[in-house]
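Asks: Got a structure for you, written out below as structure tokens; questions coming shortly.
The values are calculated or read from the model by the stated rules, or taken from the named source; none is laboratory data. These numbers were taken from a predicted model, which means no experiment stands behind them. Cβ: placed from backbone, ideal geometry, glycine included. Neighbour counts: every protein chain shown.
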Amino acid sequence: MRLNPDGSLKSFEVVNPGDQQAEIAHIRQVVERAVPFSAFPPDLRRSAASLGMTICILPPGADGGGFGFSRLPPGRSC
């Protein structure tokens, strides 16, 4: 997901969809309902054309926790 400096959604790209179409659709709906996000602070707005965020969808229990959203441990990527 990439945001414009004004907080609007610039892009939403699925990198590795696998067989998680329902989960991807849910995340896309959550993101679309959340926009617009807060605009970038003035100092960041002057230096960044956009802000990228990666959302990883993992099967329940794959991250050692329960269902829901959590941060990945240091050194681990999607």
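Asks: How many residues does region 1-25 hold that are surrounded by 13 or more Cβ atoms within 10 Å (Cβ to Cβ), free of Cβ contacts under 8 Å to residues at least 40 places away in the same chain, in a loop (DSSP other than H, G, I, E, B) and not polar (S, T, N, Q)? Walk me through how you get there before you give the answer.
Replies: Taking region 1-25 and keeping what is surrounded by 13 or more Cβ atoms within 10 Å (Cβ to Cβ), we get 1-5, 7, 9-10, 12, 14, 20, 23-24.
The next check asks that each one be free of Cβ contacts under 8 Å to residues at least 40 places away in the same chain; those that pass are 7, 9, 12, 14, 20, 23-24.
Remaining after also requiring in a loop (DSSP other than H, G, I, E, B): 7, 12, 14, 20.
Now drop any that are not not polar (S, T, N, Q), which leaves 7, 12, 14.
The total comes to 3.
Asks: Let me ask something additional. Within region 38-52, track down each residue that is of a type outside the set (Ser, Thr, Tyr), out of contact with any Asp or Glu (no Cβ under 9 Å at 6 or more places or on another chain) and surrounded by 11 or more Cβ atoms within 10 Å (Cβ to Cβ).
Replies: Just the residues of region 38-52 that are of a type outside the set (Ser, Thr, Tyr), to begin with: 39-46, 48-49, 51-52.
If we keep only those that are out of contact with any Asp or Glu (no Cβ under 9 Å at 6 or more places or on another chain) too, we end up with 41-44, 46, 48-49, 51-52.
Of everything in region 38-52, those that are of a type outside the set (Ser, Thr, Tyr), out of contact with any Asp or Glu (no Cβ under 9 Å at 6 or more places or on another chain) and surrounded by 11 or more Cβ atoms within 10 Å (Cβ to Cβ) turn out to be 44, 48, 51, 52.
Asks: Something else now. Could you tell me whether region 2-25 includes any residue that is under 12 Å from the mean Cα position of the chain (by Cα) and of a type in the set (Ser, Thr, Tyr)?
Replies: Yes: one or more hits.
Asks: When you check residue 47 against the structure, is it in contact with a strand residue (DSSP E or B) (Cβ under 6 Å, 6 or more places away or on another chain), free of Cβ contacts under 8 Å to residues at least 12 places away in the same chain and at negative phi, yes or no? If you could, list the steps in order and put the result at the bottom.
Replies: Values: in contact with a strand residue (DSSP E or B) (Cβ under 6 Å, 6 or more places away or on another chain): no; free of Cβ contacts under 8 Å to residues at least 12 places away in the same chain: yes; at negative phi: yes.
Criteria not met by residue 47.
Asks: So in region 26-37, with the set limited to residues that are of a type in the set (D, E, K, R) and loosely packed, with under 12 Cβ neighbours inside 10 Å, which one is farthest from residue 54 (Cα to Cα)?
Replies: Looking only at region 26-37, we keep the residues that are of a type in the set (D, E, K, R), and these are 28, 32-33.
Of the ones still in play, those that are also loosely packed, with under 12 Cβ neighbours inside 10 Å are 32-33.
On the way: 32: 15, 33: 17 Å.
This residue is 33.
Asks: Then there is this: On the given criteria, is residue 28 at pLDDT below 85, assigned to a helix (DSSP H, G or I) and of a type in the set (Lys, Arg)?
Replies: Working: at pLDDT below 85: no; assigned to a helix (DSSP H, G or I): yes; of a type in the set (Lys, Arg): yes.
Here the answer is no, as residue 28 does not meet what is asked.
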